[in-house]
Amino acid sequence: MFFDFIDKVLYEGSSSKNPFAFKYYDAEKVVAGRKMREHLPFAMAWWHNLCAEGSDMFGRGTADKSFGAKYGTMEHARAKADAGFEFMQKLGIEYFCFHDVDLVPEAEDINETNRRLDEITDYILEKMRATGIKCLWGTANMFSNPRFMNGAGSSNSTEVFCFAAAQVKKALDMTVKLGGSGYVFWGGREGYETLLNTDIKFEQENIARLMHLAVDYGRKIGFKGDFFIEPKPKEPMKHQYDFDAATAIGFLRQYGLDKDFKLNIEANHATLAGHTFQHELRISAINNMLGSIDANQGDLLLGWDTDEFPCNVYESTMCMYEVLKAGGLKNGGFNFDAKNRRPSNTYEDMVKGFILGMDTFALGLIKAAELIEDGRIDEFVKLRYSSFDTEIGKKIRNGNVTLEELAEKALEMKKVDNVPSGNQEGLQSIINSVLFK
Ligand code: XLS
Ligand code: CA
Ligand code: CA
């Protein structure tokens, strides 16, 4: 037992002062027709929660993630799984997400790494069966090992391309073995530092090729879930090809991958791309590409990826507003791709981070449902476009009009005398009144 200071984190309501209780997340409570836990399939990110020790560019780790075992051993790999399952059970988290290298120490020889992966996934599978906890998605880490310094699918080296293929194959095998409903491609090194040495077209074609190979293999071994691209504009590369949702959707369509792929939208990546989280979700949703969510938060005063636990209820409300309107996430979930701040280095802090994140999204769900129920925002948006309900509006929308006819109409009108207000401040007041009643 690693988290023996708690038995189970329970819902106690917003007036509770218990740091180890949920204030808003009430798993079985029905909101907008479904239980909270169904709206919010929360997942634990193996890498942050069980591996990351808080190191940064200027200092070593501050948190002990040895879980009583020696780093770099299979005993440690099992201890992490033990700690992870105890953690998820105590918080009522039903899913986890993983990279291959989160699970075991990577060996010199990939054959030995794969053997270790077989061993640990047998162990994890037993724990999944005993607890009912499920895998949300798996992925291959194709960015940490030095061999990926020039990219994985986009590498200039066929040797590296083969290793990328081998890792994707193994990660897909493991995702299928663990029953995951998603497989993620985050292209950490799929980008460039300088165009002086880079053939973008060549690299993008190769990335798409690797993805097609993954789809073919995945479908062959029975993977029925979604493949996801996770857009991010920069970091670690100066420029990453999957810059944002719109760019990734264009890429998927260009290379004929849009039937098998959807997007995994991360809040922190949205803001790094100069967009709001809501924007990225909306772009995905209107293109039928909203797959899954990495639920975290960046720091707008910093230009890099901070992966903080979400606490901003305004943001989580607008996120859940988009998710509810899109009809929920099908094969996806809410993966806390988030880590404690470096000085928050205790096991208690790990639990508090998840309580904060889960409560923030639960409150966002409650408020988004209230906003939709309130109806004033929807009503205003409908009204805002209502001039297109007129005869000429319908003709424009249906494509039954020529440019000359429209110009003729303008000449008849002589001038425009009705452009209705956008009412932004009025709408923002409505949001505040729903959020803070
Ligand atoms: C890094 C990404 C990464 C992906 C999975 O910034 O968020 O953690 O989610 O490879
Ligand atoms: Ca992520
Ligand atoms: Ca991130």
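The values are calculated or read from the model by the stated rules, or taken from the named source; none is laboratory data. Remember, it's a predicted structure, so these values are computed and weren't measured experimentally. Cβ sites come from the backbone with ideal geometry, for glycine too, and all protein chains shown count toward neighbours.
A few remarks follow.
- Residue check, GLU235 at pLDDT 95 or above, within 14 Å of ligand 2 (Cβ to nearest atom) and in a loop (DSSP other than H, G, I, E, B): yes
- Any pair with Cβ under 7 angstrom, 6 or more apart, that starts in the stretch 288-307 at a residue that is more than 10 Å from ligand 1 (Cβ to nearest atom) and ends at one that is of a type in the set (S, T, N, Q) and part of a loop (DSSP other than H, G, I, E, B): GLY291/ASN331; GLN297/ASN312; GLY298/THR306; ASP299/THR306
- Cβ separations smaller than 8 Å between residues 6+ apart or across chains give the following pairs from the stretch 395-421 residues that are at pLDDT 95 or above to residues that are assigned to a loop (DSSP other than H, G, I, E, B): LYS395/VAL401.
- Checking ALA69 against (1) more than 25 Å from HIS39 (Cβ to Cβ); (2) within 16 Å of ligand 1 (Cβ to nearest atom); (3) not polar (S, T, N, Q), the condition it does not meet: (2)
- Screening GLY225 with (1) in contact (Cβ under 8 Å) with a residue 60 or more places away in the chain; (2) within 16 Å of PHE148 (Cβ to Cβ); (3) not charged (D, E, K, R) gives one miss only, at (2).
- Within the stretch 230-274, tally of residues that are touching a His at 6+ places or on another chain (Cβ under 8 Å) and within 14 Å of ligand 3 (Cβ to nearest atom): 6
- Residue, farthest from ligand 3 (Cβ to nearest atom), within the stretch 291-321, restricted to residues that are part of a helix (DSSP H, G or I) and within 14 Å of the chain's Cα centre (by Cα): MET320
- Residue in the stretch 42-60 that is farther than 30 Å from LEU324 by Cβ, part of a helix (DSSP H, G or I), of a type outside the set (Val, Ile, Thr) and within 16 Å of ligand 3 (Cβ to nearest atom) present: yes
- Residue among GLY179, GLY153 that alone is surrounded by fewer than 17 Cβ atoms within 10 Å (Cβ to Cβ) and assigned to a loop (DSSP other than H, G, I, E, B): GLY179
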